[in-house]
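Structure first, commentary second.
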Amino acid sequence: MASSTGEKGLIVSFGEMLIDFVPTVSGVSLSESPGFLKAPGGAPANVAIAVSRLGGRAAFVGKLGDDDFGHMLAGILRKNGVDDQGINFDKGARTALAFVTLRSDGEREFMFYRNPSADMLLRPDELNLELIRSAKVFHYGSISLITEPCRSAHMKAMEVAKEAGALLSYDPNLREPLWPSPEEARTQIMSIWDKADIIKVSDVELEFLTENKTMDDKTAMSLWHPNLKLLLVTLGEKGCTYFTKNFHGSVETFLVDAVDTTGAGDSFVGALLKQIVDDQSVLEDEARLRKVLRFANACGAITTTKKGAIPALPTDSEALSFLKDKKKRQTYLKFSKLCCTAPPC
C-alpha cells in the first residue's frame, strides 16, 4: 500500500548510466557489424526507468560526463519520469560507452570504453543524501565497486539508505571484462553480500560466484545469508527460482523470439521492486510472490523482443495486456523479429 498521504514509495537506483552501441545485425563480431544503434543503458538506470514505466516512483543517483551524451542520458531519465536530483556531472571525464555484440541467440558480449568514465569518479561528498534517505528501496549493482572514489560513494550511499530504513536490493550485474581479475570480482561482489535484503543473480552469475557448474537449489542456497529476505536466480527462457526463509520454488517465463536480451534482467528487477515497494509482506506470502514474479517474468520477456535496454522496457498496460492476452503473446513470438531492423524508439 502507498503511504498515508497516498504517495507511492520511492525506489532509488545507484550506479552507472551509459550509451550502449548495439549492432544492426546479430551474429557478427563488432568489426564485422555494418552499423550500430545508439541505445541508452546501464543496469541501475535501466531499473529506475523500468520502475517508472510501470507506474512507480524512481530516482537515479550517479555521475555522467558533462558532455552531449551525459546530458542526453539525464534528459532520457527525466523524459521517463525518473527523479534526476541525484545526478552529478563531471567536466573532466566522459560518459561511459559500451559496444555490444549480439550473438544469433540474442545473448551479448561487451566492449567498454571507461578510462576512466564519469561514473567511476563519483565521490561520497557529492551524494544527495536527502534523496537517498527518502528511499523505501535502494537498488545497486557491483560495477560501482570496481574503483575509487565510486566504491566509497557506493558504500556511503548503501549505509545511509540502510540507516534510514530502506530495503536494500542487489543485482551484481557481472561484467567480467571490467574487473582486474575474476578473483577480484568475486571478492568485491561478495564483500557487500550480507548487507542486502533482496539479491537477484543470473544463472551465469551463480556459476561464477560459486565456481560450481551444478545449477541446483543447494548451489543457490550456498549464497544465502541470515538477513536475506529473498534470493532470486534468473534462468533466461526457463524462468526464475526463488528462495526465502520459509519457502522456495520456481516460476516459468514466457516464450518469445528474443532479439536482444540487454535489459531483460533489469526489467525483471524493476517490475519486482515496483510490486513490493509499498507492501513488503508479499515476500512472506508465496502465492502473492509467485504472482509478482510472473509479472516480472513477463516484463523481462517483453524487453527481449526489441534492441537496446531502455527502448524495450514495457509500460504497465503493455505488461498486463501481455499477461492477459494469449494471442498477444503469440504475436510477440511470431513477429518480434520485425523489430530487428527498427531503431530504438
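The values are calculated or read from the model by the stated rules, or taken from the named source; none is laboratory data. From a predicted model like this one, the values you see are computed outputs, not experimental measurements. Virtual Cβ from ideal backbone geometry, glycine too; neighbours counted across all protein chains shown. These accessible areas exclude ligands, DNA and RNA; they are computed on the full protein's heavy atoms, side chains included. Shrake-Rupley method; radii C 1.70, N 1.55, O 1.52, S 1.80 Å.
Some notes on this structure:
- So LEU54, is it touching a residue at least 40 places away in the same chain (Cβ under 8 Å) and either open to solvent by 50 Å² or more (accessible area, probe 1.4 Å) or within 19 Å of VAL277 (Cα to Cα) (or both): yes
- Flag if LEU320 is open to solvent by less than 60 Å² (accessible area, probe 1.4 Å) and over 17 Å from VAL47 (Cα atoms): no
- The residues on offer are ARG186, ARG175, and the sole one that is at pLDDT 95 or above, buried (at least 16 other Cβ atoms within 10 Å of the Cβ) and over 25 Å from GLN280 (Cα atoms) is ARG186.
- All strands (runs of 3 or more DSSP E) inside the stretch 16-86 with 3 or more residues being under 30 Å from LEU320 (Cβ atoms), in contact with a strand residue (DSSP E or B) (Cβ under 6 Å, 6 or more places away or on another chain) and among the charged types (D, E, K, R): none
- Scan of the stretch 122-158 for residues that are within 19 Å of ASP90 (Cβ to Cβ), touching a strand residue (DSSP E or B) at 6+ places or on another chain (Cβ under 9 Å) and either among the basic types (Lys, Arg) or outside any loop (DSSP other than H, G, I, E, B) (or both), ordered by number: ARG123, GLU126, LEU131, SER144, CYS150, ALA153, HIS154, ALA157
- Residue in the stretch 65-78 that is under 28 Å from ASP257 (Cα atoms) and surrounded by fewer than 24 Cβ atoms within 10 Å (Cβ to Cβ) present: yes
- Condition met for VAL292 (part of a helix (DSSP H, G or I) and either open to solvent by 20 Å² or more (accessible area, probe 1.4 Å) or farther than 30 Å from PHE21 by Cα (or both)): yes
- Of all residues in the stretch 116-146, those satisfying the criterion of being under 17 Å from PRO44 (Cα atoms), open to solvent by 10 Å² or more (accessible area, probe 1.4 Å) and without any contact (Cβ under 8 Å) to a residue 60 or more places away in the chain are MET120, LEU121, ILE146.
- Of the residues making up the stretch 89-97, one or more are part of a strand (DSSP E or B), surrounded by fewer than 19 Cβ atoms within 10 Å (Cβ to Cβ) and in contact with a Gly (Cβ under 9 Å, 6 or more places away or on another chain).
- Residue in the stretch 296-309 that is touching a helix residue (DSSP H, G or I) at 6+ places or on another chain (Cβ under 7 Å) and more than 19 Å from GLY236 (Cβ to Cβ) present: no
- The stretch 15-51 - residue that is acidic (Asp, Glu) and more than 17 Å from THR261 (Cα to Cα) and, of those, surrounded by the fewest Cβ atoms within 10 Å (Cβ to Cβ): GLU32
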